[in-house]
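> Below: one structure in structure tokens.
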Amino acid sequence: MTDEFVAAAEGELDEAAAGQWGFLTIGQVRRAIESGAIVLNGGRAARGASVREGDVISLDRGAAGLEEISPVDTPLSVLFEDGALIAVDKPSGVPVVPERGSSEWIFMGMLLSHSRACALCEGRARFRIVHRLDRDTSGAVVLAKTLEAARALTAGFEGREVGKRYVALVAGEPSADSGVIDAPIGQSGRRRALMAVMRAGKPSVTEWRVLERFAGYAFLEVRPRTGRTHQIRVHLAHACMPLAVDAMYGGASELLLSSFKRGYKRAGEERPLIDRLTLHCAGLEFTHPATGESTKVEAPLPEDFARALAALRKWARR
């Protein structure tokens with residue numbers, strides 16, 4: 001099956017094709033151009049080829065390697081949206097990009113489904129990833145809708161110009177009310193996906209302050225100044241206050257009421273208060289790529305996180 005469209009304006013071939021066929025990632029589009037699955041005016045073209053108004057761009061949808069992104073009908077909580085970008089509250093358990101060994105674009109499928117009913121998308125189905133959250137971290141994620149917005153937002157994240165505010169429930173009782181963790185982070189030699197504080201690592205800085213204290217736990221506000229993989233998780237564990245739920249970096253696999261409520265009794269199996277990372281991206285602040293205005297988005301605490309805090313406030317007050 002072949003799809004084709006006529007270019008409405010001058011531009012780059014890969015960007016024009018990506019804007020038309022939102023069920024493909026930009027990486028898939030570029031590989032399709034290189035393999036000849038996407039052609040320009042009936043002939044093969046280089047990935048960086050330019051298109052003019054009236055040019056015909058065609059796609060062989062049966063070509064190998066073109067696993068399409070399918071719409072996922074799980075509603076997204078939209079925090080902000082206009083013609084240049086969208087900010088959403090990503091649920092825990094949803095990876096921003098496919099995990100190793102998987103080709104499922106669940107998060108992008110949710111966005112694709114949203115775009116089909118969204119007037120602000122203006123017919124665009126292309127969302128560009130400019131930063132990420134871990135699969136089991138919930139909270140604010142911003143994506144660009146245009147190439148110009150993607151370049152500006154990416155530069156903002158890389159230049160450390162984006163303010164990032166997280167909240168974290170940690171195990172342990174911090175000895176101070178606030179602090180700065182300045183410790184380089186690199187890839188651990190034990191496991192490829194595991195990060196660790198090490199001399200040969202990249203400079204990494206995380207600010208934190210206590211919002212609430214409990215018996216054996218604390219609720220923190222965390223502001224990473226740098227953006228290393230697993231930075232907050234690694235730094236908090238390094239400071240002897242790992243996330244309350246984070247088995248990879250010293251926390252538990254779940255938070256149970258029985259772990260802090262004295263005399264807890266229940267018939268039958270106990271259900272955890274929360275069984276995913278106790279880390280939530282509560283807010284982002286950045287310069288809007290189109291207007292130049294300071295833009296702030298905030299993501300409320302999800303239900304499981306709020307439930308765990310409510311239980312701690314009731315049963316683990318210091």
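The values are calculated or read from the model by the stated rules, or taken from the named source; none is laboratory data. Since this is a predicted model, take the numbers as computed values, not measurements. Cβ sites come from the backbone with ideal geometry, for glycine too, and all protein chains shown count toward neighbours.
> Can you tell me which of (1) crowded, with 18+ Cβ neighbours inside 10 Å; (2) not assigned by TED's automatic domain parsing to the domain that holds Val141 is the one Val94 doesn't meet?
If we test Val94 against (1) crowded, with 18+ Cβ neighbours inside 10 Å; (2) not assigned by TED's automatic domain parsing to the domain that holds Val141, just (2) comes out false.
> If Trp315 satisfies all but one of (1) surrounded by 12 or more Cβ atoms within 10 Å (Cβ to Cβ); (2) within 26 Å of Leu133 (Cα to Cα), what's the number of the condition it fails?
That leaves (2) as the condition not met.
> I've got another one for you. Taking the stretch 123-172 as the region of interest, how many residues are surrounded by 15 or more Cβ atoms within 10 Å (Cβ to Cβ) and not in a strand (DSSP E or B)?
Summing the residues that are surrounded by 15 or more Cβ atoms within 10 Å (Cβ to Cβ) and not in a strand (DSSP E or B) in the stretch 123-172 gives 24.
> Report whether or not Ala299 is small (Gly, Ala, Ser) and within 27 Å of Ala247 (Cβ to Cβ).
yes
> For Arg192, state whether it is farther than 29 Å from Arg307 by Cβ, modelled with pLDDT under 95, assigned to a loop (DSSP other than H, G, I, E, B) and of a type in the set (Lys, Arg). Don't jump to the end; show me each part of the working.
Working: farther than 29 Å from Arg307 by Cβ: yes; modelled with pLDDT under 95: yes; assigned to a loop (DSSP other than H, G, I, E, B): yes; of a type in the set (Lys, Arg): yes.
Considered against the rule, which asks whether it is farther than 29 Å from Arg307 by Cβ, modelled with pLDDT under 95, assigned to a loop (DSSP other than H, G, I, E, B) and of a type in the set (Lys, Arg), Arg192 comes out as yes.
> Which condition does Glu269 not pass, out of (1) over 27 Å from Ser77 (Cβ atoms); (2) among the acidic types (Asp, Glu); (3) within 18 Å of the chain's Cα centre (by Cα), if it passes all the others?
With respect to (1) over 27 Å from Ser77 (Cβ atoms); (2) among the acidic types (Asp, Glu); (3) within 18 Å of the chain's Cα centre (by Cα), Glu269 is out only on (3).
> Still on this model: Give me the residue from the stretch 89-113 that is part of a loop (DSSP other than H, G, I, E, B) and of a type in the set (Val, Ile, Thr) and, out of that set, farthest from Ala282 (Cα to Cα).
Among them, the one singled out is Val97.
> Listed residues Ala267, Ala290; which is within 30 Å of Ala152 (Cα to Cα) and outside any strand (DSSP E or B)?
That would be Ala290, the only listed residue that is within 30 Å of Ala152 (Cα to Cα) and outside any strand (DSSP E or B).
> Applying the selection to the stretch 258-298, what residues are within 19 Å of Glu212 (Cβ to Cβ) and at pLDDT 95 or above?
Correct list: Leu273, Ile274, Leu277, Thr278, Leu279, His280, Cys281, Ala282, Gly283, Glu298.
> Okay, next question. Only one residue in Gly43, Gly27, Gly36, Gly54 is under 25 Å from Leu153 (Cβ atoms) and not hydrophobic (A, V, I, L, M, F, W, C), so which one is that? Don't jump to the end; show me each part of the working.
Values: Gly43 fails: under 25 Å from Leu153 (Cβ atoms); Gly36 fails: under 25 Å from Leu153 (Cβ atoms); Gly54 fails: under 25 Å from Leu153 (Cβ atoms).
Gly27 is the lone residue from the list that is under 25 Å from Leu153 (Cβ atoms) and not hydrophobic (A, V, I, L, M, F, W, C).
> Being assigned to a loop (DSSP other than H, G, I, E, B) and farther than 25 Å from Gly27 by Cα is the filter here, so list the residues in the stretch 67-81 that pass it.
Result: Pro75, single match.
> Report whether or not Thr291 is in the same structural domain as Arg191 (by TED's automatic domain parsing), under 19 Å from the mean Cα position of the chain (by Cα) and not hydrophobic (A, V, I, L, M, F, W, C).
So Thr291 fails the test.
> Can you name the residue in the stretch 216-231 that is of a type in the set (Val, Ile, Thr) and more than 15 Å from Phe305 (Cβ to Cβ) and is also modelled with the lowest pLDDT among such residues? Quick ask: steps written out before the conclusion?
Initially, the stretch 216-231 is screened for residues of a type in the set (Val, Ile, Thr), giving 222, 226, 229.
Those left that are additionally more than 15 Å from Phe305 (Cβ to Cβ): 226, 229.
Details: Thr226: 96, Thr229: 93.
If we take residues in the stretch 216-231 being of a type in the set (Val, Ile, Thr) and more than 15 Å from Phe305 (Cβ to Cβ), then Thr229 is modelled with the lowest pLDDT.
> Here's a follow-up. Quick one: Ala17 ticks every box in (1) surrounded by 13 or more Cβ atoms within 10 Å (Cβ to Cβ); (2) touching a residue at least 60 places away in the same chain (Cβ under 8 Å) bar one, so which box is it?
For Ala17, the failing item is (2).
> Would you point out the residue of the stretch 270-285, among those that are part of a strand (DSSP E or B) and touching a helix residue (DSSP H, G or I) at 6+ places or on another chain (Cβ under 8 Å), that is farthest from Ala152 (Cα to Cα)? Lay out the reasoning, then the answer.
Residues of the stretch 270-285 part of a strand (DSSP E or B): 274, 279-285.
Narrowing further to those that are touching a helix residue (DSSP H, G or I) at 6+ places or on another chain (Cβ under 8 Å): 274, 279-280.
Values: Ile274: 36, Leu279: 27, His280: 25 Å.
So, considering only residues that are part of a strand (DSSP E or B) and touching a helix residue (DSSP H, G or I) at 6+ places or on another chain (Cβ under 8 Å), the one farthest from Ala152 (Cα to Cα) is Ile274.
> Right, something else. Would you please list the contacts, defined by Cβ atoms under 7 Å and residues six or more apart or on different chains, that run from a residue in the stretch 131-160 that is over 21 Å from Thr278 (Cα atoms) to a residue that is part of a strand (DSSP E or B) and charged (D, E, K, R)?
Going by the 7 Å Cβ cut-off, the qualifying pairs are Leu143/Arg128; Ala144/Arg128; Ala150/Arg128.
> Output yes when any residue across the stretch 227-239 is hydrophobic (A, V, I, L, M, F, W, C), under 22 Å from Arg276 (Cβ atoms) and part of a strand (DSSP E or B), and no when none is.
no
> If you go through the stretch 28-42 one residue at a time, do you hit one that is buried (at least 21 other Cβ atoms within 10 Å of the Cβ) and either in contact (Cβ under 8 Å) with a residue 40 or more places away in the chain or assigned by TED's automatic domain parsing to the domain that holds Ser115 (or both)?
No, because not a single residue in the stretch 28-42 is buried (at least 21 other Cβ atoms within 10 Å of the Cβ) and either in contact (Cβ under 8 Å) with a residue 40 or more places away in the chain or assigned by TED's automatic domain parsing to the domain that holds Ser115 (or both).
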